[in-house]
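The values are calculated or read from the model by the stated rules, or taken from the named source; none is laboratory data. Treat the numbers as computed from the prediction; the structure is a model and nothing was measured. Here Cβ is always computed from backbone atoms with ideal geometry, including for glycine, and neighbour counts include all displayed protein chains.
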Amino acid sequence: MRILSGIQPSGRLHLGNYFGALRKHIELQGEHECFYFIANYHALTTINQAERLEEFTREVALTYLALGLDPNKAVFFRQSDVPEVTELMWILSCLTPMGLLQRAHSYKDKVAQGLSPNHGLFAYPVLQAADILIYKANLVPVGQDQAQHIEMAQDIQGKFNQAFNCNVLVRPEPLISAEAAVVPGIDGRKMSKSYDNTIELFGPPNQARKRIMSMKTDSTPVDQPKNPETCNVFALLRLLASRDEVAEWDARYRKGGMGYGEAKKRLAELFEETFGPCRKRYEEFARHPEEVERILADGGRRAREVAAQTMREVRKCCGLKTIGG
Ligand code: ADP
Ligand code: TRP
């Protein structure tokens, strides 16, 4: 079973990324053949400054390593170390109907938010399909917001095999954690960099605590019973606390006599208990950029070998000759 996923380097990673994607990536690394990459070509759709792209790329690498990604267990690399993926994207583009891309929610959302769209943003799902298909991945662990992109990859895979009458590309399936499909942000909407409502995993000291203490809650008075199901503080407690503790908070919410401040304080403590030890590893890797580079370069070489083999098969199916092959 081959697993693959990517994360864009478009800012610091947050709790939504962790529970929706990263945690699963790390959990799976011991059991399957895993490929995880930093989607820097994708980030170019919105970032046009070299230093920022480099900084965010480094940030994603440090975050994965701090959270326990083991480069001996998973192939961890930068998308741009496998330029073949852009070649596959072109080939797949020629089979992708315009209508499929025009229906993409993520594209439509970005345009609705006022982003002036470029062709890269429009073609984004085709590059994502190429990412997945070039490694013949079977499973793609992502958050709910990526489900449509995986469906598009399935469509495109089917079209390629059908058009060229082959079975070179493999159908990928999404893997979406039920308990963290959509993690809410501090304002109750989906946690996302673009809404400025995130709790960053490795932000400046005390930033996470401040963000947690400023989470939006309703105005039910302290003595009144509260509904845990509609509270975003509870939604995060549920992800970070043990099962028994979650049951206790559930009962305390429903009973009344508990203020949201108390729940937030505990949430901040749990955040620290979970990510405090990882912060030390983050800082350790940050002090050794050459080690991080070595890990990424090694991963890039391993990934490229697999991608190059798929491309030989793909070119053959399409009738594309290259020098020597
Ligand atoms: P953002 O929305 O902050 O730009 P990305 O689109 O870069 O985040 O997401 C990277 C990964 O994290 C994807 O697999 C995505 O599905 C997951 N993810 C992001 N935000 C959330 C969230 N709020 N809940 C669950 N998963 C999320
Ligand atoms: N689009 C994904 C996101 O925004 C990142 C990504 C790029 C990806 N290529 C991928 C995810 C391939 C899974 C598989 O989060």
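Do we have any residue at all in segment 70-83 that's more than 21 Å from Tyr36 (Cα to Cα), within 21 Å of the chain's Cα centre (by Cα) and charged (D, E, K, R)? Checking segment 70-83: not a single residue is more than 21 Å from Tyr36 (Cα to Cα), within 21 Å of the chain's Cα centre (by Cα) and charged (D, E, K, R).
Table: residues versus (1) surrounded by fewer than 18 Cβ atoms within 10 Å (Cβ to Cβ); (2) touching a residue at least 60 places away in the same chain (Cβ under 8 Å); (3) more than 16 Å from ligand 1 (Cβ to nearest atom).
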{"residue": "Gly203", "(1), (2), (3)": "yes, yes, no"}
{"residue": "Ser219", "(1), (2), (3)": "yes, no, yes"}
{"residue": "Leu236", "(1), (2), (3)": "no, yes, no"}
{"residue": "Asp250", "(1), (2), (3)": "yes, no, yes"}
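For every residue, the table says whether it meets (1) away from ligand 1 (no atom under 11 Å from the Cβ); (2) surrounded by 14 or more Cβ atoms within 10 Å (Cβ to Cβ); (3) under 30 Å from Val306 (Cα atoms).
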position	(1), (2), (3)
Lys108	yes, no, no
Pro117	yes, no, no
Leu139	yes, yes, yes
Pro184	no, yes, no
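The combined condition, being charged (D, E, K, R) and without any contact (Cβ under 8 Å) to a residue 60 or more places away in the chain, is fulfilled by Glu269.
Only one of these is outside any helix (DSSP H, G or I) and of a type in the set (D, E, K, R): Lys280, Lys321. Name it.
Going through Lys280, Lys321 in turn, the sole match is Lys321.
Note on segment 188-201: residues that are near ligand 1 (Cβ under 7 Å from one of its atoms), at pLDDT 95 or above and within 10 Å of Leu13 (Cβ to Cβ) total 1. Of the residues making up segment 1-59, those that are among the small types (Gly, Ala, Ser), closer than 23 Å to Ala297 by Cβ and within 11 Å of ligand 1 (Cβ to nearest atom) are Ser5, Gly6, Ser10, Ala39, Ala43.
So that you can scan it fast, the table gives a plain yes or no per residue for (1) surrounded by 13 or more Cβ atoms within 10 Å (Cβ to Cβ); (2) among the hydrophobic types (A, V, I, L, M, F, W, C); (3) outside the structural domain of Leu92 (by TED's automatic domain parsing):
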position: Thr274; (1), (2), (3): yes, no, yes
position: Lys280; (1), (2), (3): no, no, yes
position: Ile295; (1), (2), (3): yes, yes, no
position: Gly300; (1), (2), (3): yes, no, no
position: Ala308; (1), (2), (3): no, yes, no
position: Met311; (1), (2), (3): yes, yes, no
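Taking each residue of segment 182-193 that is within 14 Å of Lys264 (Cβ to Cβ) and of a type in the set (Phe, Trp, Tyr) and looking for partners that are assigned to a loop (DSSP other than H, G, I, E, B) and within 16 Å of ligand 2 (Cβ to nearest atom) with beta-carbon atoms closer than 9 Å, six or more apart or interchain, yields nothing.
Restricting attention to segment 130-144, and to residues there that are among the small types (Gly, Ala, Ser) and within 8 Å of ligand 2 (Cβ to nearest atom), which single residue is nearest to the chain's Cα centre (by Cα)? Ranking the candidates gives Gly143 first.
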